[in-house]
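In what follows, a structure is listed as structure tokens, so that the remarks can point back to it.
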Amino acid sequence: MLETRKRFHDELAALESEILGLGERAERALTQSVEALLRKDSAGAEAVIAGDDALDATYLDVERRILGLLATQTPVASDLRLVSAIMDITLLLERVGHMARNIEKVAVVTMELPASETVLSHLEEMADVAASMLRTAIDAFARRDVELAQQLPKMDDPIDALNRNMYREVAALASDSQMLEWGLRMNVVSRQLERVGDHAVDIGEQVAFLLTGEFREFTDASHPDVWPEQGAPRSP
């Protein structure tokens, strides 16, 4: 029995290590896709495709291994929360990989179109913040740090603001049909980067759930208080 439990926890530790590596790869895919867009780099765009395929394979492998654990073990509550968090975080990172690939597709089809340096600089800023958020979210998971995870919504604010303003920047390009076509596709990139920020916040929420046993959206206006430490939320 003890040996079985040890194997179970060893596999959980291995899966957790897989998540940390997956986070790094998702961040790298995002960075590569935006660099391909900024530099009109077709070779960089192709690297994103390969990276996304690898992320998909890892996600499927983690899912298979978790289902195997659940089929052969009866986890206690804290272990079950970890299993649930690993499954959700893996899915979120796999989706980030798809968003990176979507950006790569835009990079490919817009390479011959004229571009706005202002729009590109704002997309680069959004990407930098999104990549930083992914690092913070995975670090919070690795360190089991609720306070760090709770910083993510505030980090997300600049991405949301830039995304909301993007349509004005694109509308300003309307006098040039090719520039406008490019700008409309940049709206798609902006939305993808905004979603990456949202997914980083979602990972932070999984960290809080893992440590407190209570799931709550960080931006839920009906619950303004935050967890001061590992445990129950503050009383009103």
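The values are calculated or read from the model by the stated rules, or taken from the named source; none is laboratory data. No experiment lies behind these values; they were computed from the predicted model shown. Cβ sites come from the backbone with ideal geometry, for glycine too, and all protein chains shown count toward neighbours. Remember, those area values only see protein heavy atoms, side chains included, never the ligands or the DNA or RNA. Shrake-Rupley method; radii C 1.70, N 1.55, O 1.52, S 1.80 Å.
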Open item on the list: Looking only at the range 125-145, filter to residues that are surrounded by 15 or more Cβ atoms within 10 Å (Cβ to Cβ), in contact (Cβ under 8 Å) with a residue 60 or more places away in the chain and not small (Gly, Ala, Ser); which one of those is farthest from LEU210 (Cα to Cα)?
Closed with: MET126
Open item on the list: Please verify whether VAL207 is crowded, with 23+ Cβ neighbours inside 10 Å, over 21 Å from VAL109 (Cβ atoms) and touching a residue at least 40 places away in the same chain (Cβ under 8 Å), treating the condition exactly as stated.
Closed with: yes
Task: Residues of the range 108-120 that turn out to be modelled with pLDDT under 95 and either of a type in the set (Lys, Arg) or part of a helix (DSSP H, G or I) (or both), as a count - done: 2
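Here are LEU148, LEU69, LEU93: which of them is open to solvent by 10 Å² or more (accessible area, probe 1.4 Å), at pLDDT 95 or above and not polar (S, T, N, Q)?
Working: LEU69 fails: at pLDDT 95 or above; LEU93 fails: open to solvent by 10 Å² or more (accessible area, probe 1.4 Å).
Just a single option satisfies the conditions, and that option is LEU148.
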Open item on the list: Can you tell me which condition VAL109 does not meet? The list is (1) over 14 Å from the mean Cα position of the chain (by Cα); (2) buried (at least 17 other Cβ atoms within 10 Å of the Cβ); (3) of a type in the set (A, V, I, L, M, F, W, C), and all the others hold.
Closed with: (2)
- [ ] Could you check how many residues of the range 1-59 are under 30 Å from SER78 (Cα atoms), more than 19 Å from the chain's Cα centre (by Cα) and not in a loop (DSSP other than H, G, I, E, B)?
- [x] 13
Task: Those residues of the range 72-90 which are assigned to a helix (DSSP H, G or I), open to solvent by 60 Å² or more (accessible area, probe 1.4 Å) and polar (S, T, N, Q), in sequence order - done: THR72, SER78
TODO: Return the only residue of ALA161, ALA171 being free of Cβ contacts under 8 Å to residues at least 24 places away in the same chain, out of contact with any Ser or Thr (no Cβ under 6 Å at 6 or more places or on another chain) and open to solvent by less than 50 Å² (accessible area, probe 1.4 Å).
DONE: ALA161
TODO: Output the residues belonging to the range 1-20 that are farther than 17 Å from LEU60 by Cβ and among the hydrophobic types (A, V, I, L, M, F, W, C).
DONE: MET1, LEU2, PHE8, LEU12, ALA13, LEU20
